[in-house]
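The values are calculated or read from the model by the stated rules, or taken from the named source; none is laboratory data. These numbers were taken from a predicted model, which means no experiment stands behind them. For neighbour counting, all protein chains shown are included, and Cβ atoms are generated from backbone atoms with ideal geometry for every residue, glycine included. Side chains are part of the model used for accessible areas, which takes the heavy atoms of the whole protein and leaves out ligands, DNA and RNA. Shrake-Rupley method; radii C 1.70, N 1.55, O 1.52, S 1.80 Å.
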Amino acid sequence: NGVVRDACLLLRPTVRGRDIRLQEDLARDLPGVVADPQGLEQVVLNLLANACKFTTDGEITLQVAREKRPTGERLRFTVSDTGLGMSAEELSHLFQEFAQASPSTARLHGGTGLGLALSQRFAQRLGGEITVASAPGKGSTFSLVLPAQGPADSGAGPART
């Protein structure tokens, strides 16, 4: 829970004074993941910061749950927001380096277009992935899914969620 709580603490000043509710929903007794704790925190923080950037008022929820699959146990970090949402066209290049949702969004909200691309690489390196579901005006839901035990050759220590 440390990585998740630290990411939420870092984001709280950003939402303070805005009409955004930041909710946490963490399952009990979550296993750790074999990952660089700072890298995992950065990915979770990036997903939360993006949700905050594109939500002017409403709610952002971070949920962490355990999933049992035939291929092994996994952790799902889900960041949902009630923000702008994205079209199918915007979603099609979301994880490309230097890609922005749209030129007008980039001008208004800034950013380099690297955060999601790097986050996706981090997740894939650990045997996981980031997926997204979104629709204009309906908000977005990003899910980071990682194995509860990462690859033995990752060289990283366990990160406590």
So which trypsin sites (Lys or Arg not before Pro) in the stretch 53-93 pass both tests, a DSSP loop state and at most 12 other Cβ atoms within 10 Å of the Cβ?
-> none
Would you work out the charge dipole size for the stretch 1-94 about its Cα centre, treating the Cβ of every Lys and Arg as +1 and the Cβ of every Asp and Glu as -1, and quote it to the nearest 20 debye?
-> 240
Keeping all protein chains in position, work out how much accessible area E97 exposes to a 1.4 Å probe, and write it in Å² to the nearest 10.
-> 80
